[in-house]
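Please treat every number below as a calculation from the coordinates, not as lab data. Treat the numbers as computed from the prediction; the structure is a model and nothing was measured. Cβ sites come from the backbone with ideal geometry, for glycine too, and all protein chains shown count toward neighbours.
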């Protein structure tokens, strides 16, 4: 980037951020298809709720493993190759789902889709932390997390249209096609920035070994990062557990038409966008750090889930009650995206200048989706035995534990991030 003046560097940095934003928005179009289509797949008899839980769990488990693997590769392979490849391959698995009818095939294809979807986030964080300025990275952090609700809205809208006219198979086919086309297009768009995003040159140490300046992993470990890992476990249980099961819960308890449920569920990601920016506001306004902000967000989820449980016990169905239920769940989901923004975007950015942004975000994301994988399987079984009241009571307990873990780890993490920021300023 030394060949560019400050104005050019800022312009190209924002261009890079925009491409990363489009990329991660796109992947969510093909990442959320199952949760929208699951009710129709069950109604068609191609799977039941228990099998749906297994399919969703395989996706989350593969995504968790993929985050760890691709977090490691993300510090070594260039994002302009990893990101488009992940989109094309994940799109291919959506297309494969559209022509399948057997549960074992669903498990394999959706599990592979999970791994391929995991090829994007770590490279995105690395790209933003490596080739943009600190000001651009901080200004863009909440916007990057907003890709999740925006992509989810697009998925819901596409699926609502396709479910109405072509069924769940058409939904998978349409979403998969979008990913493949965008993956090819983004490959060429990222190639246009290849001079700006050159790999940093390796330096040769006294022992003759080459190094790119990445800090040893052991120097990153601290009580604060351990607390962040604990926080992301509970965040994963809630954020992805809610995403997976809310449409099915609404379909069974309130409205039988899955296309209508899909439209109502567009409320969720729209409110989620507010959650990312609200968390950023809380952190900046009250100066409580990332984990202190997470504790606040988990507290909001405790309140809204508690209110939802009270409402659920008294509800008897209907569109009006479905909207009220969705609003309560949307508030909880938005709070969890706010916490997720702190854990997977703001915290890893502190580690960017020591060459470990991809590793840290990949590690935390691995914990998140490992927890989500367990949550997906367990909630499916709980719903069969204890009903949806039991499922959401479990979510409430996870939110309460999240408050405790994040509040306990806020000061150690603040100390570590201040140490890292001081290193960056000295450099």
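A prolate overall shape is assigned to region 274-427, the ratio a/c of its alpha-carbon gyration tensor axes (a ≥ b ≥ c) being 1.5 or greater and a/b exceeding b/c. The angle between the Cα long axis of helix 79-98 and the longest principal axis of the Cα atoms of the chain comes to about 10 degrees, rounded to the nearest 10. Listed peptides 92-98, 396-402, 43-49 appear in the order 92-98, 396-402, 43-49 once ranked by packing, highest mean of other Cβ atoms within 10 Å at the front. A simple packing score, the average count of other Cβ atoms within 10 Å per residue, orders the peptides 365-371, 378-384, 260-266 as 365-371, 260-266, 378-384, with the highest score first. Per residue, the average separation of C-alpha pairs within less than 8 Å and at least 6 apart gives the chain a relative contact order of 26 percent. Classify region 367-427: rounded, prolate or oblate, from the alpha-carbon gyration tensor (a ≥ b ≥ c, eigenvalue square roots; a/c under 1.5 rounded; otherwise prolate if a/b is larger than b/c)? Note, shape of region 367-427 comes out prolate. Applying 1/(1 + (r/R0)^6) with R0 = 35 Å to the Cβ-Cβ distance of residue 310 and residue 50 gives a FRET efficiency near 0.80. Listed from fewest to most Cβ neighbours within 10 Å, the set 407, 116, 281, 188 follows the order 188, 281, 407, 116. Annotation: extensible slack from residue 287 through residue 166 equals 38.5 nm (criterion: 0.36 nm per residue apart, minus Cα-Cα distance). In plain terms, the residue of 78, 350 with the fewest other Cβ atoms within 10 Å comes first and the most crowded comes last, giving 78, 350.
The residue 217 and residue 408 beta-carbon pair, evaluated with R₀ = 25 Å, returns a calculated FRET efficiency of approximately 0.60.
So, R0 is 45 Å and r is the distance between the beta-carbons of residue 76 and residue 7; what FRET efficiency does that work out to, to 0.05? The value I calculate is 0.90. Rounded to the nearest 10 degrees, the inclination of helix 167-191 to the longest alpha-carbon principal axis of the chain is 10 degrees.
In this rough spin-label picture, where each label sits 7 Å from Cα along the Cβ direction, the residue 253-residue 101 distance is 3.4 nm. Counting only alpha carbon atoms, the long axis of helix 289-314 and the longest principal axis of the chain meet at about 0°.
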